[in-house]
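Each reported figure results from applying straightforward, stated rules to the coordinates on display, with no laboratory input. A quick note: this is a predicted structure, and the numbers were derived from the prediction, not measured. Virtual Cβ from ideal backbone geometry, glycine too; neighbours counted across all protein chains shown.
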Amino acid sequence: DVKVTQSSRYLVKRTGEKVFLECVQDMDHENMFWYRQDPGLGLRLIYFSYDVKMKEKGDIPEGYSVSREKKERFSLILESASTNQTSMYLCASSFQLRGNQPQHFGDGTRLSIL
Amino acid sequence: EDQVTQSPEALRLQEGESSSLNCSYTVSGLRGLFWYRQDPGKGPEFLFTLYSAGEEKEKERLKATLTKKESFLHITAPKPEDSATYLCAALPFGNEKLTFGTGTRLTIIP
């Protein structure tokens, strides 16, 4: 079974802090993704990576950055957290362009910025 | 711009009452249409991939179908444990970015 593990289920931080969200997958997937999920807005793509040290902006990259130093690990960084970044953050991974393989998701990190 | 719209937003059914969820999509060449189930406080769980119009996939009480503009998730004789939010997502040719709908929140009443 594919396993995507996010480091924290719940996280509370203060405005202006630098926040790191970590994600690890164990299936040797090339692609990794970070989404945020908000009521009424669905899942929105923040960043994705198709290889180590590679990254592509998604639909809402402002205020975020990412790091992929190893194939299995993808980090999302909030450079200076703001209250409008309070959300559920979901990490996903998939094989690259291989028979339409689905993305597999972690259980999310519910982040509150106070 | 790629777009996915799901309806209804919420659906309440009695146990055993069959129904369908709708997913309309507009993408520049569909590579795959995905259905996921999401329970409260959890990440989406993959259910089905559909590739071409006319295709059908089944799993227990769920059956997904695909046309050139829509996909349907049919639920037959549902049970309370089928209560969840169901998401669909479209993957276009040429990139790895899924476009998600906002989901249908399904509640099955015993």
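Estimated from the Cβ-Cβ distance and a Förster radius of 35 angstrom, the FRET efficiency linking A:Phe20 and A:Gln96 is about 0.90. With R₀ set to 35 Å, the beta-carbon distance separating A:Glu69 from B:Arg105 gives a calculated FRET efficiency near 0.35. Within the stretch A:8-65, the GluC sites (Glu not before Pro) that combine a DSSP coil assignment with at most 15 other C-beta atoms in a 10 angstrom radius are A:Glu17, A:Glu62. Among the listed pairs A:Lys3/A:Lys71; B:Lys59/B:Lys97; B:Lys42/B:Lys63; A:Lys57/B:Lys69, a Cα-Cα separation exceeding 20 Å is found for B:Lys59/B:Lys97; B:Lys42/B:Lys63; A:Lys57/B:Lys69. The GluC sites (Glu not before Pro) of the stretch B:11-110 that DSSP puts in a loop, and whose beta carbon has at most 16 other beta carbons within 10 Å, are B:Glu15, B:Glu17, B:Glu55, B:Glu60.
May I ask you to list the residues of the stretch A:66-99 whose amide nitrogen lies under 19 Å from a point 7 Å from Cα along the Cα→beta-carbon direction of A:Arg44? Label zone hits: A:66, A:76-92.
Within chain A, the longest run free of trypsin sites (Lys or Arg not before Pro) that sit in a DSSP loop with at most 14 other Cβ atoms within 10 Å is A:54-97.
Residues considered: A:Met32, A:Met54, A:Met88. Largest GNM mean-square fluctuation over chain A, using C-alpha springs under 10 Å, is found at A:Met54.
Each Cα pair under 8 Å and six or more residues apart adds its separation to the average, and for the stretch A:4-113 the resulting relative contact order is 36 percent.
Please identify, among B:Phe72, B:Phe93, B:Phe48, the residue showing maximal mean-square fluctuation in a Gaussian network model of chain B using a 10 angstrom Cα cutoff. Of B:Phe72, B:Phe93, B:Phe48, the most mobile in the Gaussian network model is B:Phe93.
Using the Cβ-Cβ distance between B:Leu13 and B:Lys69 with R0 = 25 Å, the FRET efficiency computed as 1/(1 + (r/R0)^6) comes to roughly 0.50. Within chain B, which is the longest segment that contains none of the trypsin sites (Lys or Arg not before Pro) sitting in a DSSP loop with at most 11 other Cβ atoms within 10 Å? Of all site-free stretches, the longest is B:1-67.
With a simple spin-label model that places each label point 7 Å from the Cα along the Cα-to-Cβ direction, the separation between B:Ala53 and A:Lys57 comes to 3.6 nm.
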